[in-house]
Amino acid sequence: MFDERPYVLIVEDEKDLAENIKTIIESSHKYAGITAYSAMDALHILDKHKTLLGGNKIKCILLDIKMPGMDGLQFLEEVRKKYKEEIGVIMETAYEDDDKWKRSLRGKVLGYLTKPFTSEQLLETVDDAFEGEEAKKEMKIFAYDQYFEKYKKYKREE
């Protein structure tokens with residue numbers, strides 16, 4: 001049976017956390033969640049959800065950065081090669097540094113959630129990703145603003 005809600009792919013190697021995020025996402029009754037416990041699994045899931053016209057049924061990805069094998073940033077590069085910006089990507093990670101922020105922003109992510117995050121923060125961010133093109137632009141601007149604040153911190157620590 002086809003679920004008509006927008007699909008959100010959760011790419012997270014910590015299975016309990018991935019399932020918890022999926023439960024939160026689906027509790028809104030707005031989205032269908034799909035979990036992948038590795039970047040390679042996520043690529044297969046994306047391939048499985050391609051549409052006949054070359055798009056994808058998955059419209060948003062919640063992406064952990066630190067994973068065994070292919071990390072989240074390498075996965076992001078693959079997604080952008082195959083799907084350009086058709087699929088919104090929100091990074092979720094406990095590991096922040098200047099390089100990860102820069103690579104995420106180059107990958108045109110919509111947002112950056114720092115672990116631990118609340119259910120409210122998660123749902124608000126995902127909701128924003130589905131609010132249309134203007135909201136996506138605002139999310140990207142906010143992500144850049146977050147980065148510049150972090151960048152100042154990184155520079156002070158050097």
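Here, each number is a calculation from the coordinates, and none is a lab measurement. What you see is a predicted model; the values in this text were computed from it and never measured. Positions of Cβ are generated from backbone atoms using ideal geometry, with glycine treated the same way; all protein chains shown enter the neighbour counts.
Quick check on the chain: helices-only [θ] at 222 nm, where DSSP H runs of length 4 and up contribute -39,500 (n - 2.57) each and the sum goes over total residues. Nearest 500, please.
Details: 6 runs with 80 residues, N = 158.
Here the helix-only value at 222 nm equals -16000 deg cm²/dmol.
Which percent, nearest 5, of DSSP beta bridges in the chain are antiparallel? If you can, show how the numbers build up before the last one.
On the way: 1 of 20 bridges.
Roughly 5 percent of the beta bridges in the chain run antiparallel, per DSSP.
Shown is the FRET efficiency for Lys81 and Lys137, computed with R0 = 22 Å from the Cβ-Cβ distance and rounded to the nearest 0.05: 0.50.
Could you work out the local net charge near Glu12, counting Lys and Arg as +1, Asp and Glu as -1, over the other residues with Cβ closer than 14 Å to its Cβ?
Once all neighbours under 14 Å are counted, the net charge is -4.
Values of log10 I(q)/I(0) for the chain across q = 0.10, 0.18 Å⁻¹ run -0.33, -1.11, by the Debye formula with one identical scatterer at each alpha carbon and no solvent.
Separation of the alpha carbons by more than 24 angstrom is noted, of Lys22/Lys66; Lys30/Lys81; Lys82/Lys115; Lys59/Lys108; Lys15/Lys66, for Lys30/Lys81; Lys82/Lys115.
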